[in-house]
Amino acid sequence: MTDTPDQNDTGALHHMRRIRSFVLREGRMTPAQQRAFDEHWARYGIDYRGDARAHDFVASFGRQAPLVLEIGFGNGEALAWASEHDQARDFIGVEVHGPGVGRLMNALAAREANNVRLYRHDAVEVLQHEIAPGTLAEARIWFPDPWHKKRHNKRRLIQSEFVALLASRMAPNGLLHLATDWQAYAEHMLEVMEAAPDWRNQLGPGQYAEKPEWRIETHFERRGLKLGHGVWDLLYRKS
């Protein structure tokens, strides 16, 4: 689709662009990860443009299929698994950290995956400028940085302005799946989402969900569970 993104987003999200939900501490990429950019970016990567034209994902994937967006995919373990086991849908991954993007591209290339495209960019700007209104069937935000110190809470990605923007990009009844292993952030997510007029809790008001089968347990999650962390999932539908 090539619809122009809603210009009403600009003012509400100017503040969000100044207060980032991430800090880019770029680690050194391995030779294999760097080679992934050299050899596979043309196939799997989408260069962020930031102009008035939303990206044409039908052209990128070569078909019309439901679109699933994963924001902050880390090392790409969950996204690689999901795309392999749900080939009827197309997946868009957004991640700012190069090593994880490179690692995922190598995994995708190893099995000749065709249903994944990646941005190495800020998710807020990708949503604003690259994704047309009403196009996403699902969005996944799993284990975002909790910014656990109180003075840093304003950096959390899940805020009212952000979930309003995300709702504008969802198809009717589209699904938003949040997950965190930080209880205070889970409570914050629940508070924000319950107050959001564009979303309804799939399990009923104020309810967390059991871990759905489509969210695999990653290495990161297993490590947290060994440390005694809980895990909270939230499922919301676009109203």
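The values are calculated or read from the model by the stated rules, or taken from the named source; none is laboratory data. These figures come from a predicted structure and were not determined experimentally. Reconstructed Cβ throughout: ideal geometry from the backbone, glycine too, with neighbour counts over all protein chains shown.
Taking the residues in the stretch 173-210 that are at pLDDT 95 or above and charged (D, E, K, R) as candidates, determine which candidate is surrounded by the most Cβ atoms within 10 Å (Cβ to Cβ).
Only one residue tops the list, namely D198.
So which of E70, E84 is within 27 Å of P133 (Cα to Cα) and either in contact with a strand residue (DSSP E or B) (Cβ under 7 Å, 6 or more places away or on another chain) or at pLDDT below 95 (or both)? Even if it seems obvious, please write down each step before you answer.
On the way: E84 fails: either in contact with a strand residue (DSSP E or B) (Cβ under 7 Å, 6 or more places away or on another chain) or at pLDDT below 95 (or both).
Selected residue: E70, the only one of E70, E84 that is within 27 Å of P133 (Cα to Cα) and either in contact with a strand residue (DSSP E or B) (Cβ under 7 Å, 6 or more places away or on another chain) or at pLDDT below 95 (or both).
Criterion first (closer than 26 Å to D51 by Cβ and in contact with a Pro (Cβ under 9 Å, 6 or more places away or on another chain)) does D90 satisfy it? Explain how you work it out, then say what you get.
Details: closer than 26 Å to D51 by Cβ: yes; in contact with a Pro (Cβ under 9 Å, 6 or more places away or on another chain): yes.
Yes, satisfied.
Would you mind stating whether L13 is modelled with pLDDT under 95 and over 26 Å from A167 (Cβ atoms)?
So L13 does not fit the description; no.
Is it the case that L136 is of a type in the set (A, V, I, L, M, F, W, C) and either touching a residue at least 40 places away in the same chain (Cβ under 8 Å) or in contact with a Cys (Cβ under 8 Å, 6 or more places away or on another chain) (or both)? Before the answer, list the steps.
Numbers: of a type in the set (A, V, I, L, M, F, W, C): yes; either touching a residue at least 40 places away in the same chain (Cβ under 8 Å) or in contact with a Cys (Cβ under 8 Å, 6 or more places away or on another chain) (or both): yes.
Against the criterion (of a type in the set (A, V, I, L, M, F, W, C) and either touching a residue at least 40 places away in the same chain (Cβ under 8 Å) or in contact with a Cys (Cβ under 8 Å, 6 or more places away or on another chain) (or both)), L136 qualifies.
Hey, can you tell me all the residues within the stretch 50-88 that are closer than 29 Å to P146 by Cα and assigned to a loop (DSSP other than H, G, I, E, B)?
G50, G72, F73, G74, N75, G76, D86
Kindly provide the set of residues from the stretch 222-236 that are surrounded by 15 or more Cβ atoms within 10 Å (Cβ to Cβ) and among the charged types (D, E, K, R), ordered by number.
Within the stretch 222-236, D233 is the sole residue that qualifies.
Identify the residue in the stretch 40-74 that is among the aromatic types (F, W, Y) and touching a helix residue (DSSP H, G or I) at 6+ places or on another chain (Cβ under 8 Å) and, among all such residues, is surrounded by the most Cβ atoms within 10 Å (Cβ to Cβ). So that I can check it myself, show each step before the final result.
We begin by selecting, within the stretch 40-74, every residue among the aromatic types (F, W, Y); these are 41, 44, 48, 57, 61, 73.
Subset that is touching a helix residue (DSSP H, G or I) at 6+ places or on another chain (Cβ under 8 Å): 41, 44, 48, 73.
On the way: W41: 16, Y44: 21, Y48: 16, F73: 25.
Across the stretch 40-74, the extreme among qualifying residues is F73.
Condition check ((1) out of contact with any strand residue (DSSP E or B) (no Cβ under 6 Å at 6 or more places or on another chain); (2) under 21 Å from L136 (Cβ atoms)) across all residues:
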position: E191; (1), (2): yes, no
position: P197; (1), (2): yes, yes
position: A209; (1), (2): no, yes
position: R215; (1), (2): yes, yes
position: D233; (1), (2): no, yes
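Listed here are the residues, each with its yes/no results for (1) crowded, with 21+ Cβ neighbours inside 10 Å; (2) among the hydrophobic types (A, V, I, L, M, F, W, C); (3) in contact with a His (Cβ under 9 Å, 6 or more places away or on another chain); (4) over 19 Å from A59 (Cα atoms).
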position	(1), (2), (3), (4)
F91	yes, yes, no, no
E95	yes, no, yes, yes
P99	no, no, no, yes
L104	yes, yes, no, yes
A109	no, yes, yes, yes
N114	no, no, no, no
I131	yes, yes, yes, no
